[in-house]
Amino acid sequence: MKKLLLLPILLMFIACGTNDSKQEKPETETTSENPLEEKDLSIETDSQFGEEFESAEIKSDSEMLAVYKDLKLGDTLQVQFQSEVQSVCAKKGCWMKLELPEDQNAHVTFKDYGFFVPKDSQGHQMLVSGVAFIEQTDVETLRHYAEDAGKSEADIAKITEPELNYRFIADGAKAVD
């Protein structure tokens, strides 16, 4: 009877010993890399972001403001326009605001959160290609954007009502000299 009990125990030790040798990890492990997290973009060294696109019928900032004024909630328009970067997300570069006349701006995000722009883009010209639309932005989101932009707690607390905003989802963007 004792011999029958020892046999399964012995087989278990042999199996465990064999299993350990198969699970040894190689000395150099490979990890999946996320280029968006690892590469620190700079407007000085990088110029193309997202999908590459051919420039065609580029609207100026004043032409783009006229386009936005003609849009209604729910309307979308595929367009390209160029303007100066007014501000950019200081944490990742996951959004930017492009200047429009009359103290207006277009809030630009990137299709499927698929790319970012350099955090040092402010003050530089950027050409974007994508979809323009108008959106009502809720208070929580407006406060989040203000926090990302580095606004003070007092400025963030002043945000109490939703706003109609000029929005743009870019497929691609190019820094323009």
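Data overview
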| read-out | value |
| --- | --- |
| Selection count where residues are within 12 Å of SER47 (Cα to Cα) and within 17 Å of the chain's Cα centre (by Cα), scope region 121-148 | 4 |
| Sole exception among (1) modelled with pLDDT under 50; (2) part of a loop (DSSP other than H, G, I, E, B) for LEU5, by number | (2) |
| Which listed residue, of ALA132, ALA157, is more than 22 Å from VAL67 (Cβ to Cβ) and not polar (S, T, N, Q) | ALA157 |
| Output for region 108-167, where each listed residue is surrounded by 15 or more Cβ atoms within 10 Å (Cβ to Cβ), farther than 11 Å from CYS89 by Cα and acidic (Asp, Glu) | GLU135 |
| Considering residues of region 84-98 that are more than 10 Å from VAL108 (Cα to Cα) and under 11 Å from the mean Cα position of the chain (by Cα) only, the residue surrounded by the most Cβ atoms within 10 Å (Cβ to Cβ) | GLY93 |
| Any chance LEU10 is loosely packed, with under 13 Cβ neighbours inside 10 Å, assigned to a helix (DSSP H, G or I) and modelled with pLDDT under 50 | yes |
| Close pairs from region 68-81: first basic (Lys, Arg), partner in a loop (DSSP other than H, G, I, E, B) and surrounded by 12 or more Cβ atoms within 10 Å (Cβ to Cβ), Cβ under 6 Å, at least 6 apart | none |
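Residues checked against (1) farther than 27 Å from GLN104 by Cα; (2) at pLDDT 80 or above; (3) assigned to a loop (DSSP other than H, G, I, E, B); (4) not β-branched (Val, Ile, Thr):
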{"residue": "PRO26", "(1), (2), (3), (4)": "yes, no, yes, yes"}
{"residue": "GLU37", "(1), (2), (3), (4)": "yes, no, no, yes"}
{"residue": "LEU41", "(1), (2), (3), (4)": "no, yes, yes, yes"}
{"residue": "MET64", "(1), (2), (3), (4)": "no, yes, no, yes"}
{"residue": "VAL67", "(1), (2), (3), (4)": "no, yes, no, no"}
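The values are calculated or read from the model by the stated rules, or taken from the named source; none is laboratory data. Fair warning: this is a prediction, and the values are worked out from it, not measured in the lab. Cβ sites come from the backbone with ideal geometry, for glycine too, and all protein chains shown count toward neighbours.
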